Number of protein chains: 2
Amino acid sequence: MSVEAVAPTRPMRADARRNYEAIVRVAIEAFAEHGTNTSLDDIANRAGVGPGTLYRHFPNRDCLLEAALVDSRYELLALAERLLHADDADAALDEWMFALARHAGAWDGLADSIAQSLNREKSPLGASCGEVITATQKLLERASTLGTVTADATARELFIMAGSLAWAADRAARGNGRGSADDELPRLLSLLMRGLR
Amino acid sequence: MSVEAVAPTRPMRADARRNYEAIVRVAIEAFAEHGTNTSLDDIANRAGVGPGTLYRHFPNRDCLLEAALVDSRYELLALAERLLHADDADAALDEWMFALARHAGAWDGLADSIAQSLNREKSPLGASCGEVITATQKLLERASTLGTVTADATARELFIMAGSLAWAADRAARGNGRGSADDELPRLLSLLMRGLR
DNA sequence: GACAAACCGGAGACTGTCTCCGTATCGTCG
DNA sequence: CGACGATACGGAGACAGTCTCCGGTTTGTC
(Lines give C-alpha, C1' and ligand atoms only; values in the text may rest on other atoms or scores of the structure.)
Protein backbone atom coordinates (compact mmCIF):
# COMPACT_ATOMS: atom_id res chain seq x y z
CA MET A 1 0.00 0.00 0.00
CA SER A 2 2.66 2.50 0.95
CA VAL A 3 4.97 3.71 -1.77
CA GLU A 4 8.31 2.05 -1.35
CA ALA A 5 10.08 5.23 -0.34
CA VAL A 6 13.16 3.41 0.82
CA ALA A 7 16.07 5.75 0.39
CA PRO A 8 18.88 4.41 -1.78
CA THR A 9 20.73 3.81 1.51
CA ARG A 10 24.20 3.79 0.18
CA PRO A 11 26.27 1.18 1.97
CA MET A 12 27.97 2.10 5.20
CA ARG A 13 31.48 3.32 5.10
CA ALA A 14 33.97 0.58 5.91
CA ASP A 15 35.01 1.97 9.29
CA ALA A 16 31.40 2.57 10.24
CA ARG A 17 30.41 -1.00 9.49
CA ARG A 18 33.42 -2.30 11.38
CA ASN A 19 32.47 -0.32 14.46
CA TYR A 20 28.79 -1.21 14.18
CA GLU A 21 29.59 -4.89 14.15
CA ALA A 22 32.12 -4.64 16.96
CA ILE A 23 29.58 -2.86 19.14
CA VAL A 24 26.89 -5.46 18.53
CA ARG A 25 29.31 -8.28 19.19
CA VAL A 26 30.42 -6.78 22.48
CA ALA A 27 26.84 -5.86 23.42
CA ILE A 28 25.70 -9.46 23.13
CA GLU A 29 28.44 -10.50 25.50
CA ALA A 30 27.77 -7.68 27.94
CA PHE A 31 24.01 -8.21 28.01
CA ALA A 32 24.53 -11.91 28.63
CA GLU A 33 26.98 -11.21 31.39
CA HIS A 34 25.45 -8.27 33.24
CA GLY A 35 21.88 -8.08 32.01
CA THR A 36 20.18 -5.60 29.74
CA ASN A 37 20.91 -2.68 32.04
CA THR A 38 24.66 -2.88 31.76
CA SER A 39 26.51 0.36 31.11
CA LEU A 40 26.47 1.46 27.48
CA ASP A 41 29.62 3.52 27.85
CA ASP A 42 31.25 0.34 29.06
CA ILE A 43 30.17 -1.48 25.94
CA ALA A 44 31.61 1.35 23.87
CA ASN A 45 34.90 1.02 25.70
CA ARG A 46 35.10 -2.70 25.30
CA ALA A 47 34.31 -2.32 21.62
CA GLY A 48 37.13 0.18 21.28
CA VAL A 49 34.97 3.14 20.28
CA GLY A 50 33.92 6.36 21.96
CA PRO A 51 30.47 6.80 23.47
CA GLY A 52 29.55 9.20 20.67
CA THR A 53 30.01 6.46 18.10
CA LEU A 54 27.86 4.04 20.01
CA TYR A 55 25.03 6.55 20.42
CA ARG A 56 25.15 7.56 16.76
CA HIS A 57 24.62 3.98 15.63
CA PHE A 58 22.15 3.18 18.42
CA PRO A 59 20.36 6.29 19.72
CA ASN A 60 19.07 4.40 22.76
CA ARG A 61 19.32 1.13 24.60
CA ASP A 62 16.36 -0.36 22.77
CA CYS A 63 18.03 0.11 19.41
CA LEU A 64 21.12 -1.71 20.56
CA LEU A 65 19.06 -4.44 22.18
CA GLU A 66 17.16 -4.89 18.96
CA ALA A 67 20.36 -5.20 16.94
CA ALA A 68 21.75 -7.68 19.45
CA LEU A 69 18.64 -9.87 19.16
CA VAL A 70 18.40 -10.10 15.38
CA ASP A 71 20.02 -13.52 15.07
CA SER A 72 18.16 -14.99 18.00
CA ARG A 73 14.82 -13.82 16.65
CA TYR A 74 15.65 -15.17 13.23
CA GLU A 75 16.04 -18.64 14.71
CA LEU A 76 12.84 -18.20 16.67
CA LEU A 77 10.83 -17.40 13.57
CA ALA A 78 12.35 -20.35 11.77
CA LEU A 79 11.12 -22.55 14.60
CA ALA A 80 7.63 -21.08 14.28
CA GLU A 81 7.62 -21.95 10.60
CA ARG A 82 8.46 -25.57 11.40
CA LEU A 83 5.91 -25.83 14.21
CA LEU A 84 3.15 -24.60 11.90
CA HIS A 85 3.45 -27.91 10.09
CA ALA A 86 3.75 -30.12 13.13
CA ASP A 87 1.31 -33.00 13.60
CA ASP A 88 0.29 -32.15 17.14
CA ALA A 89 -0.97 -28.56 17.24
CA ASP A 90 -1.21 -28.59 21.04
CA ALA A 91 2.34 -29.79 21.52
CA ALA A 92 3.48 -27.26 18.94
CA LEU A 93 1.98 -24.41 20.96
CA ASP A 94 3.60 -25.77 24.11
CA GLU A 95 6.97 -25.92 22.45
CA TRP A 96 6.51 -22.46 21.02
CA MET A 97 5.69 -20.94 24.40
CA PHE A 98 8.71 -22.65 25.87
CA ALA A 99 10.96 -21.29 23.14
CA LEU A 100 9.45 -17.85 23.57
CA ALA A 101 10.08 -17.89 27.30
CA ARG A 102 13.64 -19.07 26.82
CA HIS A 103 14.19 -16.31 24.30
CA ALA A 104 12.88 -13.66 26.68
CA GLY A 105 14.80 -15.14 29.58
CA ALA A 106 18.15 -15.33 27.86
CA TRP A 107 19.39 -12.15 29.51
CA ASP A 108 18.55 -10.69 32.86
CA GLY A 109 16.02 -7.90 32.39
CA LEU A 110 15.27 -8.78 28.79
CA ALA A 111 11.65 -9.75 29.37
CA ASP A 112 11.11 -6.41 31.02
CA SER A 113 12.82 -4.48 28.24
CA ILE A 114 10.74 -6.24 25.62
CA ALA A 115 7.45 -5.78 27.45
CA GLN A 116 8.10 -2.11 28.01
CA SER A 117 9.11 -1.46 24.43
CA LEU A 118 5.96 -3.23 23.33
CA ASN A 119 3.91 -0.40 24.75
CA ARG A 120 6.12 2.39 23.51
CA GLU A 121 5.58 3.67 20.02
CA LYS A 122 8.63 3.99 17.82
CA SER A 123 10.67 1.45 19.70
CA PRO A 124 12.48 -0.71 17.17
CA LEU A 125 12.46 -3.52 19.69
CA GLY A 126 8.71 -3.34 20.13
CA ALA A 127 8.17 -3.08 16.41
CA SER A 128 10.08 -6.24 15.67
CA CYS A 129 7.97 -8.12 18.20
CA GLY A 130 5.13 -7.79 15.74
CA GLU A 131 6.22 -10.72 13.62
CA VAL A 132 6.75 -12.87 16.68
CA ILE A 133 3.27 -12.08 17.92
CA THR A 134 1.89 -12.87 14.48
CA ALA A 135 3.60 -16.24 14.62
CA THR A 136 2.08 -16.80 18.06
CA GLN A 137 -1.30 -15.91 16.64
CA LYS A 138 -1.05 -18.53 13.92
CA LEU A 139 0.04 -21.26 16.31
CA LEU A 140 -2.69 -20.32 18.77
CA GLU A 141 -5.39 -20.44 16.09
CA ARG A 142 -4.12 -23.79 14.92
CA ALA A 143 -4.20 -25.20 18.44
CA SER A 144 -7.74 -23.90 18.82
CA THR A 145 -9.10 -25.53 15.68
CA LEU A 146 -6.97 -28.68 15.41
CA GLY A 147 -6.11 -29.07 19.06
CA THR A 148 -7.79 -28.78 22.43
CA VAL A 149 -7.11 -25.17 23.39
CA THR A 150 -10.27 -23.39 24.41
CA ALA A 151 -9.21 -20.42 26.52
CA ASP A 152 -9.91 -17.05 24.97
CA ALA A 153 -6.44 -15.61 25.37
CA THR A 154 -5.09 -13.33 22.68
CA ALA A 155 -1.75 -13.87 21.02
CA ARG A 156 -0.49 -10.68 22.57
CA GLU A 157 -1.44 -11.98 26.01
CA LEU A 158 0.32 -15.27 25.36
CA PHE A 159 3.41 -13.39 24.23
CA ILE A 160 3.45 -11.37 27.40
CA MET A 161 2.72 -14.43 29.52
CA ALA A 162 5.78 -16.07 28.03
CA GLY A 163 7.84 -13.11 29.13
CA SER A 164 6.21 -13.24 32.51
CA LEU A 165 7.12 -16.91 32.83
CA ALA A 166 10.72 -16.15 32.01
CA TRP A 167 10.58 -13.45 34.65
CA ALA A 168 9.08 -15.80 37.22
CA ALA A 169 11.37 -18.72 36.45
CA ASP A 170 14.39 -16.52 36.84
CA ARG A 171 13.22 -15.10 40.16
CA ALA A 172 12.09 -18.47 41.48
CA ALA A 173 15.31 -20.19 40.53
CA ARG A 174 17.66 -17.73 42.17
CA GLY A 175 17.76 -18.44 45.87
CA ASN A 176 15.79 -21.67 45.91
CA GLY A 177 19.00 -23.50 46.62
CA ARG A 178 20.11 -25.57 43.66
CA GLY A 179 17.75 -25.05 40.76
CA SER A 180 18.37 -22.97 37.68
CA ALA A 181 15.83 -21.08 35.60
CA ASP A 182 15.94 -23.94 33.11
CA ASP A 183 14.54 -26.25 35.77
CA GLU A 184 11.82 -23.88 36.85
CA LEU A 185 10.60 -22.85 33.45
CA PRO A 186 9.01 -26.17 32.43
CA ARG A 187 7.26 -26.44 35.79
CA LEU A 188 5.73 -23.01 35.58
CA LEU A 189 4.94 -23.37 31.91
CA SER A 190 3.02 -26.58 32.47
CA LEU A 191 0.95 -24.82 35.11
CA LEU A 192 0.02 -22.17 32.60
CA MET A 193 -0.62 -24.45 29.66
CA ARG A 194 -2.96 -26.68 31.63
CA GLY A 195 -4.96 -23.54 32.27
CA LEU A 196 -5.67 -23.16 28.60
CA ARG A 197 -7.57 -26.42 28.31
CA MET B 1 17.05 -20.31 70.30
CA SER B 2 18.89 -17.04 69.98
CA VAL B 3 19.21 -14.89 73.06
CA GLU B 4 16.83 -12.00 72.77
CA ALA B 5 19.56 -9.43 72.42
CA VAL B 6 17.16 -6.69 71.46
CA ALA B 7 18.67 -3.41 72.54
CA PRO B 8 16.50 -1.31 74.81
CA THR B 9 15.82 0.82 71.72
CA ARG B 10 15.02 4.06 73.44
CA PRO B 11 12.31 5.90 71.55
CA MET B 12 13.27 8.11 68.63
CA ARG B 13 13.85 11.75 69.26
CA ALA B 14 10.87 13.90 68.35
CA ASP B 15 12.44 15.51 65.28
CA ALA B 16 13.73 12.17 64.05
CA ARG B 17 10.30 10.60 64.28
CA ARG B 18 8.75 13.57 62.55
CA ASN B 19 11.17 13.29 59.64
CA TYR B 20 10.84 9.52 59.45
CA GLU B 21 7.10 9.75 59.11
CA ALA B 22 7.22 12.60 56.63
CA ILE B 23 9.59 10.63 54.43
CA VAL B 24 7.43 7.51 54.46
CA ARG B 25 4.32 9.54 53.69
CA VAL B 26 5.95 11.24 50.74
CA ALA B 27 7.53 7.98 49.58
CA ILE B 28 4.15 6.27 49.32
CA GLU B 29 2.93 9.10 47.12
CA ALA B 30 6.05 9.14 44.98
CA PHE B 31 6.14 5.38 44.47
CA ALA B 32 2.50 5.38 43.47
CA GLU B 33 3.05 8.23 41.08
CA HIS B 34 6.36 7.39 39.44
CA GLY B 35 7.02 3.77 40.32
CA THR B 36 9.50 2.20 42.68
CA ASN B 37 12.49 3.64 40.82
CA THR B 38 11.65 7.26 41.46
CA SER B 39 14.47 9.48 42.67
CA LEU B 40 15.17 9.19 46.39
CA ASP B 41 16.74 12.64 46.57
CA ASP B 42 13.48 13.88 45.16
CA ILE B 43 11.54 12.20 47.93
CA ALA B 44 13.88 13.79 50.46
CA ASN B 45 13.23 17.19 48.92
CA ARG B 46 9.48 16.77 48.89
CA ALA B 47 9.62 15.65 52.51
CA GLY B 48 11.59 18.75 53.41
CA VAL B 49 14.74 16.97 54.55
CA GLY B 50 18.24 16.59 53.16
CA PRO B 51 19.39 13.44 51.39
CA GLY B 52 21.58 12.58 54.35
CA THR B 53 18.56 12.33 56.61
CA LEU B 54 16.73 10.05 54.22
CA TYR B 55 19.70 7.72 53.84
CA ARG B 56 20.29 7.55 57.58
CA HIS B 57 16.75 6.37 58.21
CA PHE B 58 16.65 4.17 55.11
CA PRO B 59 20.12 3.03 54.02
CA ASN B 60 18.81 1.85 50.66
CA ARG B 61 15.74 1.79 48.48
CA ASP B 62 14.57 -1.55 49.80
CA CYS B 63 14.42 -0.24 53.34
CA LEU B 64 12.24 2.67 52.30
CA LEU B 65 10.07 0.42 50.18
CA GLU B 66 9.63 -1.90 53.12
CA ALA B 67 8.57 0.95 55.40
CA ALA B 68 6.16 2.23 52.76
CA LEU B 69 4.52 -1.18 52.47
CA VAL B 70 3.95 -1.89 56.16
CA ASP B 71 0.30 -0.88 56.21
CA SER B 72 -0.55 -2.59 52.98
CA ARG B 73 1.03 -5.84 54.12
CA TYR B 74 -0.78 -5.64 57.41
CA GLU B 75 -4.09 -5.63 55.58
CA LEU B 76 -2.94 -8.47 53.38
CA LEU B 77 -2.12 -10.67 56.35
CA ALA B 78 -5.46 -9.87 57.93
CA LEU B 79 -7.13 -11.09 54.77
CA ALA B 80 -5.11 -14.31 54.92
CA GLU B 81 -6.35 -14.88 58.45
CA ARG B 82 -9.94 -14.53 57.32
CA LEU B 83 -9.48 -16.75 54.27
CA LEU B 84 -8.05 -19.52 56.41
CA HIS B 85 -11.53 -19.98 57.86
CA ALA B 86 -13.46 -19.68 54.61
CA ASP B 87 -15.80 -22.46 53.57
CA ASP B 88 -14.45 -22.92 50.07
CA ALA B 89 -10.72 -23.56 50.27
CA ASP B 90 -10.31 -23.36 46.50
CA ALA B 91 -12.05 -20.02 46.23
CA ALA B 92 -10.01 -18.81 49.18
CA LEU B 93 -6.77 -19.59 47.37
CA ASP B 94 -8.08 -17.86 44.25
CA GLU B 95 -8.94 -14.77 46.21
CA TRP B 96 -5.61 -14.83 47.97
CA MET B 97 -3.67 -15.01 44.72
CA PHE B 98 -5.71 -12.15 43.38
CA ALA B 99 -5.02 -10.04 46.45
CA LEU B 100 -1.35 -10.94 46.28
CA ALA B 101 -1.13 -9.89 42.64
CA ARG B 102 -2.92 -6.63 43.33
CA HIS B 103 -0.56 -5.95 46.20
CA ALA B 104 2.49 -6.56 44.01
CA GLY B 105 1.00 -4.57 41.18
CA ALA B 106 0.10 -1.51 43.19
CA TRP B 107 3.18 0.40 42.06
CA ASP B 108 5.09 0.19 38.83
CA GLY B 109 8.19 -1.92 39.37
CA LEU B 110 7.08 -3.20 42.76
CA ALA B 111 6.80 -6.85 41.71
CA ASP B 112 10.33 -6.66 40.42
CA SER B 113 11.67 -5.01 43.55
CA ILE B 114 10.03 -7.64 45.72
CA ALA B 115 11.21 -10.57 43.65
CA GLN B 116 14.75 -9.30 43.59
CA SER B 117 14.86 -8.62 47.29
CA LEU B 118 13.55 -12.11 47.88
CA ASN B 119 16.81 -13.52 46.60
CA ARG B 120 19.06 -11.06 48.34
CA GLU B 121 20.06 -11.79 51.89
CA LYS B 122 19.66 -9.01 54.39
CA SER B 123 17.00 -7.20 52.46
CA PRO B 124 14.31 -6.06 54.90
CA LEU B 125 11.82 -6.22 52.08
CA GLY B 126 12.67 -9.81 51.28
CA ALA B 127 12.64 -10.74 54.94
CA SER B 128 9.15 -9.43 55.50
CA CYS B 129 7.92 -11.49 52.56
CA GLY B 130 8.47 -14.51 54.75
CA GLU B 131 5.21 -14.14 56.62
CA VAL B 132 3.32 -13.61 53.39
CA ILE B 133 4.80 -16.75 51.91
CA THR B 134 3.92 -18.62 55.08
CA ALA B 135 0.34 -17.46 54.73
CA THR B 136 0.39 -18.63 51.12
CA GLN B 137 1.69 -21.98 52.29
CA LYS B 138 -1.19 -22.47 54.71
CA LEU B 139 -3.80 -21.54 52.13
CA LEU B 140 -2.18 -23.79 49.55
CA GLU B 141 -2.11 -26.76 51.92
CA ARG B 142 -5.71 -26.18 52.83
CA ALA B 143 -6.74 -26.07 49.17
CA SER B 144 -4.83 -29.30 48.60
CA THR B 145 -6.52 -31.25 51.38
CA LEU B 146 -9.98 -29.68 51.49
CA GLY B 147 -10.15 -28.48 47.90
CA THR B 148 -9.24 -29.70 44.47
CA VAL B 149 -5.74 -28.36 44.01
CA THR B 150 -3.36 -31.07 42.89
CA ALA B 151 -0.44 -29.31 41.24
CA ASP B 152 2.85 -29.64 43.10
CA ALA B 153 3.70 -25.97 43.20
CA THR B 154 5.45 -24.58 46.26
CA ALA B 155 4.19 -21.58 48.17
CA ARG B 156 7.27 -19.68 47.11
CA GLU B 157 6.48 -20.40 43.49
CA LEU B 158 2.91 -19.27 43.91
CA PHE B 159 4.11 -16.09 45.55
CA ILE B 160 6.40 -15.36 42.64
CA MET B 161 3.72 -16.31 40.14
CA ALA B 162 1.44 -13.74 41.72
CA GLY B 163 4.11 -11.12 41.16
CA SER B 164 4.59 -12.35 37.65
CA LEU B 165 0.87 -12.00 37.01
CA ALA B 166 0.93 -8.44 38.25
CA TRP B 167 3.85 -7.85 35.95
CA ALA B 168 2.06 -9.41 33.00
CA ALA B 169 -1.27 -7.70 33.63
CA ASP B 170 0.43 -4.35 33.79
CA ARG B 171 2.34 -4.91 30.57
CA ALA B 172 -0.65 -6.39 28.77
CA ALA B 173 -2.99 -3.60 29.82
CA ARG B 174 -0.80 -0.72 28.69
CA GLY B 175 -1.14 -0.32 24.98
CA ASN B 176 -3.97 -2.75 24.35
CA GLY B 177 -6.26 0.20 23.78
CA ARG B 178 -8.74 0.62 26.55
CA GLY B 179 -8.10 -1.97 29.25
CA SER B 180 -6.49 -1.37 32.61
CA ALA B 181 -4.42 -3.80 34.64
CA ASP B 182 -7.49 -4.43 36.77
CA ASP B 183 -9.26 -5.85 33.74
CA GLU B 184 -6.36 -8.01 32.68
CA LEU B 185 -5.49 -9.46 36.04
CA PRO B 186 -8.57 -11.65 36.52
CA ARG B 187 -8.23 -13.02 33.00
CA LEU B 188 -4.61 -14.01 33.45
CA LEU B 189 -5.19 -15.27 36.95
CA SER B 190 -7.96 -17.59 35.86
CA LEU B 191 -5.63 -19.04 33.23
CA LEU B 192 -3.12 -19.83 35.93
CA MET B 193 -5.53 -21.14 38.52
CA ARG B 194 -7.13 -23.56 36.09
CA GLY B 195 -3.66 -24.96 35.61
CA LEU B 196 -3.52 -26.00 39.23
CA ARG B 197 -6.41 -28.42 38.97
C1' DG C 1 20.28 26.66 81.73
C1' DA C 2 23.87 23.84 80.34
C1' DC C 3 25.79 19.57 78.62
C1' DA C 4 26.12 15.24 75.94
C1' DA C 5 23.97 12.53 72.80
C1' DA C 6 21.33 12.37 68.85
C1' DC C 7 20.27 14.20 64.68
C1' DC C 8 20.30 17.34 60.56
C1' DG C 9 21.55 18.80 55.86
C1' DG C 10 24.20 20.19 52.20
C1' DA C 11 28.54 19.93 49.70
C1' DG C 12 30.58 16.86 46.82
C1' DA C 13 32.59 12.31 45.03
C1' DC C 14 31.17 8.96 41.99
C1' DT C 15 28.69 6.55 38.17
C1' DG C 16 25.99 6.34 34.12
C1' DT C 17 23.51 8.77 30.12
C1' DC C 18 23.76 11.36 26.22
C1' DT C 19 25.41 15.55 23.20
C1' DC C 20 28.29 18.65 20.72
C1' DC C 21 31.79 19.74 17.71
C1' DG C 22 36.74 19.89 16.30
C1' DT C 23 39.34 16.38 14.04
C1' DA C 24 40.30 12.26 11.34
C1' DT C 25 39.14 8.95 7.84
C1' DC C 26 37.05 7.23 3.68
C1' DG C 27 35.56 7.04 -1.08
C1' DT C 28 35.58 9.30 -5.34
C1' DC C 29 36.75 12.08 -9.14
C1' DG C 30 39.85 14.72 -11.86
C1' DC D 1 47.93 9.59 -7.53
C1' DG D 2 46.45 13.48 -4.99
C1' DA D 3 43.01 16.29 -3.27
C1' DC D 4 38.35 17.38 -1.93
C1' DG D 5 33.80 16.76 0.20
C1' DA D 6 31.06 13.77 2.73
C1' DT D 7 30.98 10.76 6.40
C1' DA D 8 32.25 9.16 10.73
C1' DC D 9 35.04 9.31 15.01
C1' DG D 10 35.82 10.23 19.97
C1' DG D 11 36.47 12.69 23.98
C1' DA D 12 35.23 16.55 26.87
C1' DG D 13 31.61 17.78 29.52
C1' DA D 14 26.62 18.87 30.92
C1' DC D 15 23.24 16.61 33.48
C1' DA D 16 20.89 13.44 36.77
C1' DG D 17 20.81 10.09 40.39
C1' DT D 18 23.12 7.63 44.42
C1' DC D 19 25.22 7.81 48.57
C1' DT D 20 28.76 9.68 52.23
C1' DC D 21 31.04 12.64 55.35
C1' DC D 22 31.24 15.87 58.88
C1' DG D 23 30.59 20.69 60.83
C1' DG D 24 26.77 22.53 62.87
C1' DT D 25 22.16 22.30 65.16
C1' DT D 26 18.44 20.42 67.98
C1' DT D 27 16.68 17.59 71.70
C1' DG D 28 16.12 15.56 76.18
C1' DT D 29 17.88 15.39 80.76
C1' DC D 30 19.96 16.55 85.20
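List of remarks:
- Distances from B:Tyr74 to itself in the other copies, using label points 7 Å out along the Cα-Cβ axis, amount to 5.8 nm in increasing order.
- Averaged over the residues of peptide B:157-163, the number of Cβ atoms from other protein chains lying within 10 Å of each residue's Cβ is 5.
- Averaged per residue, region B:11-58 has 59 square angstrom of accessible surface, using a 1.4 angstrom probe with ligands and nucleic acids left out.
- Computed from Cα atoms, the angle from the helix B:155-173 axis to the main principal axis of chain B rounds to 80 degrees.
- By the rule of a C-alpha distance below 26 Å, with chain neighbours fewer than 8 residues away ignored, the lysines paired with B:Lys122 are B:Lys138.
- Figure note: A:His57, B:His85 ranked by solvent-accessible area, largest first, 1.4 Å probe, ligands and nucleic acids not counted: B:His85, A:His57.
- Relative contact order of region A:12-59, defined on C-alpha pairs under 8 angstrom at six or more residues apart (%): 36 percent
- Coil-residue GluC sites (Glu not before Pro) of region A:1-107, DSSP, other Cβ within 10 Å capped at 10: A:Glu4
- Approximate shape of region A:97-166 as ellipsoid semi-axes (Cα gyration tensor, √5λ), whole Å, largest first: 22, 14, 9
- DSSP-assigned coil residues among GluC sites (Glu not before Pro) in region A:106-148, each with at most 16 further Cβ atoms within 10 Å: A:Glu121
- Computed log₁₀ I(q)/I(0) - Debye formula, equal Cα scatterers, no solvent, region A:21-146, q 0.09, 0.10 Å⁻¹: -0.30, -0.36
- For the protein assembly as shown, the Stokes-Einstein estimate of translational diffusion at 4 °C and a viscosity of 1.567 mPa s comes to 56 µm²/s, using the Kirkwood hydrodynamic radius over alpha-carbon pairs.
- From the alpha carbon centroid of region A:149-180 to that of region B:111-136 is 19 Å.
- Measuring nothing but how far apart in sequence close Cα pairs (under 8 Å, 6+ apart) lie, relative to its length, chain A scores a relative contact order of 20 percent.
- The residue list B:Gly163, B:Ala151, B:Ala127 was ranked by how far each Cα lies along the charge dipole of region B:104-197 toward its positive end, using unit charges on Cβ atoms, and B:Ala151 comes out on top.
The values are calculated or read from the model by the stated rules, or taken from the named source; none is laboratory data. Because the structure is a prediction, the values reported are computed rather than measured. Here Cβ is always computed from backbone atoms with ideal geometry, including for glycine, and neighbour counts include all displayed protein chains. All accessible areas refer to the heavy atoms of the entire protein, side chains included, with ligands and DNA or RNA removed. Shrake-Rupley method; radii C 1.70, N 1.55, O 1.52, S 1.80 Å.
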